[in-house]
Amino acid sequence: EEFRMVANGFFQAEGHISCRIRSKYFSPVFVVNQNLNQKSLEFFLTLWHVLGRTGSLTLIKNKYGKIVIRLSSENWDTILNYYAEYFKFIYGEKYIAFQKLFTIRHLTSNQLRLDPSSLALATTLVYSISAHGTERNLSLSDQLSLFCISSTNIDIPNYTDNYNKVSILFIIGMILGDGTLYLRLRKSDKGSIWVIPTLFLPKLKNKYNVHFFNILEKFFKSFDIKVYIINKAKDSETIEILSSSANVDKYYIKEMTILTVENIHSMFEKLIPMMKPYSHYFYWKYDQFELMSRVALLVKNKAHLTLYGFKTILEIIYSYPNNRSQSKEIWIDFIDDWFKSQAA
């Protein structure tokens with residue numbers, strides 16, 4: 001069950017559900033993928049196994065030339081009877097998408113007696129099932145015209161979102177997707193350096209985001225963790241961090257809603273200790289958690305209040321893979337100057 005909650009969080013961030021129309025045949029699509037490395041291979045093999053080895057586990061090359069591991073299926077039985085049940089702890093667009101697939105299947109299961117009203121509703125649902133539904137080769141009206149159906153008077157049923165609470169395991173799963181644990185370094189007005197532990201949880205904007213981010217905000221606030229929610233990030237530093245640390249396209253970042261947690265109390269004293277018992281679920285992002293944990297321990301023991309301790313923190317931060325714009329040496333010069341000024 002622990003892995004299941006992590007997998008649900010990951011699918012919330014990286015999963016895709018849609019439906020294709022071929023002639024009058026409707027085919028569901030389930031896809032979840034990640035850049036290939038040893039840890040993502042371990043994660044996907046585990047996921048494939050717990051899902052009964054259903055679907056296709058493949059390696060492909062994405063548009064950026066990177067090798068990606070992908071779990072996918074276009075089988076109605078697999079998606080509705082296995083995946084919809086396993087991933088029932090997700091929210092928003094994807095949670096509603098599974099419900100829409102059930103309706104589409106009910107409407108189109110009898111190909112020999114597919115009446116115009118059922119065909120019209122099923123087609124409309126296909127085009128509404130994801131934010132990318134309007135990016136098809138044919139518009140909805142053109143697709144309906146092929147079926148000789150008018151696009152008027154088609155009422156979509158009301159679907160209910162998930163109102164259950166999230167868990168820390170779900171949050172870890174989201175971090176595995178587009179999320180990031182990151183240590184910001186900033187020079188203060190007085191010349192010292194601020195070490196700012198930060199969590200970013202970005203999500204592409206859609207009409208279900210308000211509900212989903214309310215769920216997330218309630219979860220964090222219940223543990224006295226302060227959050228900030230930003231629409232359309234304009235902060236160049238945030239854009240660079242998400243682009244380099246979470247492999248998110250810069251174009252999409254500007255269109256995302258981003259939940260941010262940043263301060264020593266919320267991160268070092270609350271969130272990181274909550275995550276520690278489940279740190280093995282960080283897989284390919286374990287380095288981010290490990291770095292945060294090591295620095296949290298030093299800060300807890302007041303190491304940042306001494307020159308040696310602060311330099312040790314900087315050495316640790318730069319010992320991990322990073323694409324920081326400032327070199328370690330620049331920060332060391334800053335902190336040297338700060339402690340000299342305080343001693344004068």
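The values are calculated or read from the model by the stated rules, or taken from the named source; none is laboratory data. None of these values were measured; they are calculated from a predicted model. All Cβ positions, glycine included, derive from the backbone under ideal geometry; neighbour counts span all protein chains shown. Each accessible area value is taken on the protein alone, full model and side chains, heavy atoms only, with ligands, DNA and RNA left out. Shrake-Rupley method; radii C 1.70, N 1.55, O 1.52, S 1.80 Å.
Tell me the label-point distance for the pair Arg22, Ile67, using the 7 Å Cα-to-Cβ offset, in nm and rounded to one decimal.
2.9 nm
Using r as the Cβ-Cβ distance of Asn322 and Tyr228, and R0 as 30 Å, what FRET efficiency do you calculate, to the nearest 0.05? Don't jump to the answer; show the numbers that get you there.
Working: r = 23 Å, r/R0 = 0.77.
About 0.80, to the nearest 0.05.
With everything on Cα atoms, drop me the angle between helix 236-245 and the longest principal axis of the chain, reported from 0 to 90° to the nearest 10.
70 degrees
Straight distance only, please: which lysines reach the Cα of Lys311 with their own Cα at less than 19 Å, same-chain residues fewer than 8 apart left out?
Partners within reach: Lys187, Lys190, Lys300, Lys302, Lys328, Lys340.
Would you kindly state how much longer the chain becomes between Leu138 and Lys39 on full extension, computed as 0.36 nm times their sequence separation minus their alpha carbon distance, in nm to one decimal? Can you show the working numbers first?
Working: separation 99, 0.36 × 99 = 35.64 nm, distance 3.93 nm.
Here the answer is 31.7 nm.
Could you tell me the relative contact order of the chain? Use alpha-carbon pairs under 8 Å, at least six residues apart, and round to a whole percent. Provide the component values of the computation, followed by the final result.
Values: 502 pairs, mean separation 55.8, N = 344.
Dividing the mean separation by the residue count of the chain yields 16 percent.
Give me Rg over Rh for the chain, both radii from the alpha carbons and Rh done the Kirkwood way, two decimal places. All intermediate terms of the calculation are to be shown ahead of the outcome.
On the way: Rg = 23.4 Å, Rh = 22.3 Å.
Using only Cα positions, Rg/Rh for the chain is 1.05.
Nearest 10 degrees, 0 to 90: what angle lies between the long axis of helix 286-300 and the longest principal axis of the chain (Cα atoms)?
40 degrees
Kindly provide the helix-only [θ] at 222 nm of the chain, computed as the sum of -39,500 (n - 2.57) over DSSP H runs of four or more divided by all residues, to the nearest 500 deg cm²/dmol?
It lands at -13000 deg cm²/dmol.
Nearest 10 degrees, 0 to 90: what angle lies between the long axis of helix 92-108 and the longest principal axis of the chain (Cα atoms)?
10 degrees
Of the heavy-atom accessible surface of the range 1-146 (probe 1.4 angstrom), what whole percent is carbon and sulfur?
Working: 3580 of 7100 Å².
Here carbon and sulfur together make up 50 percent of the probe-accessible area.
How high is the relative contact order of the range 1-146, in percent, with contacts defined as C-alpha pairs under 8 Å that are six or more residues apart? Don't skip to the end; give the middle numbers.
Details: 185 pairs, mean separation 35.3, N = 146.
Reported as a whole number, the value is 24 percent.
For the range 1-146, what number of Lys pairs, 8 or more residues apart or on separate chains, have alpha-carbon atoms under 19 Å from each other?
Going through the range 1-146 pair by pair, I get 4.
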